[in-house]
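The values are calculated or read from the model by the stated rules, or taken from the named source; none is laboratory data. None of these values were measured; they are calculated from a predicted model. With ideal geometry, Cβ positions are generated from the backbone for all residues, glycine too; neighbour counts draw on all protein chains shown.
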Amino acid sequence: MNHLINKLFLQILILISLLVISQFAIAAESSYKLSTGDRIKITVYGEPDLTMETTLNDGGVINYPFMGEIPIEGMTVKKLENKIYKHLKGDYLLNPNVHVSIETYRPFFVNGQVKKPGGYPYQPGLTLRRAISLAGGYTERASKSNTFIIHQNEPEIRTRAQQFMKINPGDTITVEESFF
């Protein structure tokens, strides 16, 4: 009997965890600003010719049917949905049902004293500690106290990093060399 109760309790905990994680991802996506390298999917339900996946080019622009080139750098998903909806409504469709989602976030970068420097796919909820782990961990010469982040949206500010600091897509992490 205790075994069944423990198993049921574990399943409930897993379900609650999945719900919390999905809500976190939805909240993060709603305030997330699109930029170069993000891959998005635009769906207009019932209109396969208006449904597409695309990656923002270097200029932060996408090419969309009936609209041509759309500059979307810095827009949220919701703002892009509204822009497409307003353009399609009336002239092309009576009441378009538009949905935009992020298929792949732009990468973040880790350089300096890590075992595998380079670009890595961003995951919602990413912290410095997890980012360093993805890059293979620190080298023996790494200075954990001299690790810096440059956020893509603030390229002129170099911030000293803490282990549980949030990492954003497009960020660059630099791990300095220790002198001791």
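Residues in region 114-136 that are on the phi > 0 side of the Ramachandran plot and surrounded by 13 or more Cβ atoms within 10 Å (Cβ to Cβ): how many? Adding up the residues that qualify gives 1. Determine, yes or no, whether E73 is assigned to a loop (DSSP other than H, G, I, E, B) and at negative phi. In short, yes. Counting only residues that are over 21 Å from the mean Cα position of the chain (by Cα) and either small (G, A, S) or exposed (fewer than 14 other Cβ atoms within 10 Å of the Cβ) (or both), region 68-91 holds 6 of them. Look through region 143-180, keep the residues that are of a type in the set (G, A, S) and assigned to a strand (DSSP E or B), and return whichever of them is surrounded by the most Cβ atoms within 10 Å (Cβ to Cβ). Among residues in region 143-180 that are of a type in the set (G, A, S) and assigned to a strand (DSSP E or B), the one surrounded by the most Cβ atoms within 10 Å (Cβ to Cβ) is S143. Looking only at region 40-67, residues that are loosely packed, with under 14 Cβ neighbours inside 10 Å and either of a type in the set (K, R) or in contact with a Phe, Trp or Tyr (Cβ under 8 Å, 6 or more places away or on another chain) (or both) come to 1 in all. For the residues E73, E47, E69, the requirement of being within 19 Å of P169 (Cβ to Cβ) and at pLDDT 90 or above singles out E73.
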